[in-house]
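Contents: one structure, followed by commentary.
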Number of protein chains: 2
Amino acid sequence: MVEMNLQADARLPAYLRLRDELAARIAAGEWRTDEALPSDNRLARDGDLSVGTVRKAVQMLVDEGLLERRQGSGTYLRKPAFNATLFRFFQMRDSGSGQSIPSSRLLSRELMTAPAAIADVLGTDEVIRIERLRDFADRPFLSEDIYIPVRLFPGFETIPESEIGPLLYPVYLDRFEVFVASAEDEVSFATADETTASRLGIATGDAIAVIERTAYSLNGTPVEWRVARGPADRFRYRSRIG
Amino acid sequence: MVEMNLQADARLPAYLRLRDELAARIAAGEWRTDEALPSDNRLARDGDLSVGTVRKAVQMLVDEGLLERRQGSGTYLRKPAFNATLFRFFQMRDSGSGQSIPSSRLLSRELMTAPAAIADVLGTDEVIRIERLRDFADRPFLSEDIYIPVRLFPGFETIPESEIGPLLYPVYLDRFEVFVASAEDEVSFATADETTASRLGIATGDAIAVIERTAYSLNGTPVEWRVARGPADRFRYRSRIG
DNA sequence: AATTCCAAGTTATATATAGAACTGGTTGAC
DNA sequence: GTCAACCAGTTCTATATATAACTTGGAATT
């Protein structure tokens, strides 16, 4: 948020300047998840810094979940573990052993003017709305309305559906260099309206769980707002605190 | 709780040993929130370590939210912000401006043998069960069943109710030196049985939200299991991810 | 009485260095 | 061909040191 700064190099400590530089180069796509970044020693030489300073900068990015250090091997760009974090909250109760990712179908994608409340969150009313339905165990279990700013995702609505997998965040990263670093969820309870009921294959007025999520990029900018609805009786939301 | 880990000192790196030692001394109540811990230099001398190693250990505890460093002044025990973390998730939707903590009434406290599922989580079946009802805006909104191991909380059932405030975790800390450092919540929806309905003042069969929580101490030991139930239509659960 | 200044103590930043622990590949012996 | 030994490169741990930035309290000055 206060990180929009291009003038970052004011008179910040060296380790912060290096952290920012690395973050920028990562965001620019300089490295892939399977190739090592320059070694600590290399970065120290290049930047005319000591190894300790370099390690402090790199450690910050590790703590932020961007990088991954492998002793004896190198420092790598981390493959975002969407399953383990942003996604696992949507597991269903009776899944048994299934760690499988639910399949998903895109119902629609369209350019539109966002409702005021959503425009307020995203900071713009020029958005793309994605309607999506996720199946699990051969039954629809989650109906989603997703809003993303056109500014950040130009042309998203024209990407062939075949190139969009069951998870959106990897698409955001690969095609638009938008990294979803954190999110806020809000869980509540409601009853199904007609549209939702027909999508989920339940009756109008049936109990549903509602998850509203705002997703943020690394610098804290909101990059997505979505609402997901599913049958309340099959729903379970897990959260770790502290 | 004093020293669960006698074997901890196996052959861990020095900074981890120091971190563990400090965590134990903090848990034992050696310092208050308004007095400084020994300085980095002092800890280095005492432990025959270098300052860098000490700083690494202290920094871990800062990252874990236990300590707080004030440049030029010292390192202090942080005042646990129960409101800001473990508690805020239970705010109700229509609260308006009310940041107030709901009042709570203890309905019962008794020594008992825990059901298998709970004994499994807590690692013992000798527990104390606390039934509690929380009010908000003059209406009951949360019915809780709380289970804590007798081993960790001996005599909890005999504490005068007047000495138990609306929040339990401060009581755990002050009287039993048990620090609740993290928790896992699981939110689901169900319908009210007779007991719950009468406590909450709703009808049997009405939709309720169910929050099951396992709370952990610093070293990861489960120290409490609770289930909370409230009217689903007034419920809202907030969670930050990543 | 109020303000300024100073000194000691503290955390924060940064460097330089050394060896341990580990990885991945190459070489060599069998 | 297989296995063991070796090696270069990497991260990890730890020490020692120096300086900057900041806080606090008391002394000195006005």
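Listed here are the strands (runs of 3 or more DSSP E) enclosed by segment B:113-223 that have at least 3 residues being among the small types (Gly, Ala, Ser), modelled with pLDDT under 90 and in contact with a strand residue (DSSP E or B) (Cβ under 6 Å, 6 or more places away or on another chain): B:180-191. For segment B:184-221, a tally of residues being away from every other protein chain (no Cβ under 13 Å), open to solvent by less than 30 Å² (accessible area, probe 1.4 Å) and not aliphatic (A, V, I, L, M) returns 1. Among the residues of segment A:70-90, those that are at pLDDT 90 or above and surrounded by 17 or more Cβ atoms within 10 Å (Cβ to Cβ) comprise A:Thr75, A:Tyr76. In the set A:Val150, A:Val178, only one residue is under 25 Å from B:Arg240 (Cβ atoms) and of a type in the set (A, V, I, L, M); that residue is A:Val178. Restricting attention to segment A:39-77, the residues being more than 31 Å from the chain's Cα centre (by Cα), of a type in the set (S, T, N, Q) and near DNA strand D (Cβ under 8 Å from one of its atoms) number 1. Remark: A:Arg32 matches the filter, which requires a residue to be basic (Lys, Arg), away from DNA strand D (no atom under 13 Å from the Cβ) and either assigned to a loop (DSSP other than H, G, I, E, B) or surrounded by fewer than 12 Cβ atoms within 10 Å (Cβ to Cβ) (or both). The numbered conditions (1) more than 12 Å from DNA strand C (Cβ to nearest atom); (2) at pLDDT 90 or above are all true for B:Asn41 except (1). Residues that are crowded, with 17+ Cβ neighbours inside 10 Å, among the hydrophobic types (A, V, I, L, M, F, W, C) and assigned to a helix (DSSP H, G or I) within segment B:44-65 comprise B:Ala44, B:Val54, B:Ala57, B:Val58, B:Met60, B:Leu61, listed in sequence order. Do you know which of the residues in segment A:161-183 that are touching a residue at least 12 places away in the same chain (Cβ under 8 Å) and over 23 Å from B:Ser239 (Cα atoms) is farthest from the other protein chains (Cβ to nearest Cβ)? So the residue we want is A:Glu161.
The values are calculated or read from the model by the stated rules, or taken from the named source; none is laboratory data. Everything quoted here is computed from the prediction, not taken from an experiment. Cβ atoms come from the backbone with ideal geometry, glycine included; neighbour counts cover every protein chain shown. Protein only, heavy atoms only, side chains kept; ligands, DNA and RNA dropped before computing areas. Shrake-Rupley method; radii C 1.70, N 1.55, O 1.52, S 1.80 Å.
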